[in-house]
Amino acid sequence: MKRTAILTLVLCLFSVMQAQDLPAWVTKLPKAGNGTYMYVKESAVGNTENEARNQAISLVFQTTANRLGQAVSSAAIYEAVQRGTDLQVVAQEFKIPINKVCEHKELLKDGKVRVYVLCQVAQAGNITPVWDDFRGCEERKQYKDGVALVESIFIPGLGQMSKRHYGEGAVTLVGEVLLVSAGFGTYFVAREELNIMRTPNISYEQFSQAYKTYNTMRTTGYVVWGAAAAFYIYNLCRAYTLQPKYKNSLSVHPAIVPVNHNTAYGIGITYHIQ
């Protein structure tokens, strides 16, 4: 019994470690940047990487065709993909707009290969999709919209920062602090003017000026506190719906660098904006 429990625990830990090694888009689809397309993820197992990739891409075409209501033969799709034809040509041939953005390969114990593909596909058959650039293919971090929401409940802008929108998060935090500070400022000024109005033997001119300032501060306070509340709610909405950004990375690798139509050996530097 104890051995079974230990074995189960080890298998669970191994599964968790494997899941953590997968890119984030494998377990949670990214959010589309506009309403003309959506993300679709498929995977397939094959004896070779190319075989698995072709099967996965064919599944993307087939599921998209089914969703768009197009009667397309799965065998015909797989044959077109297997020929090695450019995916855009295949997409035009079957009138199924698809844009492949990510791929991940996983070696299995039996020697086979599992390939995951992430594609942008048309949201509807009568809409021309406008593809957005997706730069998170190697991102492992799982972004939880609910966690970002909770973070921004306690500290406005923190949810945006956790999704690496640091500029927007900082502006949100500073803006909320300024609005709340202004709200408290109007409250204290109005209270001070109220105390002046209650001062014994105050002149009529002083009372009138204090009363005018008191009403002005109170009205301004309502406006400022309303703006602070609206900005706070907007902050929560942004924290929940914002699509995460990804890290920048710099890699140096050996490369052949063409110079003035000639070829010279050198070092290539690649800067990935993710």
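General remarks:
One line per residue, one yes/no per condition, for (1) farther than 24 Å from K105 by Cβ; (2) exposed (fewer than 14 other Cβ atoms within 10 Å of the Cβ):
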position	(1), (2)
G35	yes, yes
E49	no, no
G69	yes, yes
V72	yes, no
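- Residue match in segment 118-132 (condition: under 24 Å from T48 (Cβ atoms), more than 23 Å from the chain's Cα centre (by Cα) and assigned by TED's automatic domain parsing to the domain that holds G46): no
- Where helices (runs of 4 or more DSSP H) fall entirely within segment 40-96, those with at least 1 residues that are within 26 Å of the chain's Cα centre (by Cα) and under 20 Å from F134 (Cβ atoms) are at 49-68, 87-94.
Every residue, every condition in (1) over 45 Å from the mean Cα position of the chain (by Cα); (2) without any contact (Cβ under 8 Å) to a residue 12 or more places away in the chain, yes or no:
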position: Y204; (1), (2): yes, yes
position: Y214; (1), (2): yes, no
position: Y222; (1), (2): no, yes
position: A229; (1), (2): no, yes
position: L236; (1), (2): no, no
position: Y240; (1), (2): no, no
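- With respect to the stated conditions, C102 is of a type outside the set (S, T, Y), touching a residue at least 60 places away in the same chain (Cβ under 8 Å) and not in a loop (DSSP other than H, G, I, E, B).
The values are calculated or read from the model by the stated rules, or taken from the named source; none is laboratory data. All of these numbers come straight from a predicted model, not from anything done at the bench. For neighbour counting, all protein chains shown are included, and Cβ atoms are generated from backbone atoms with ideal geometry for every residue, glycine included.
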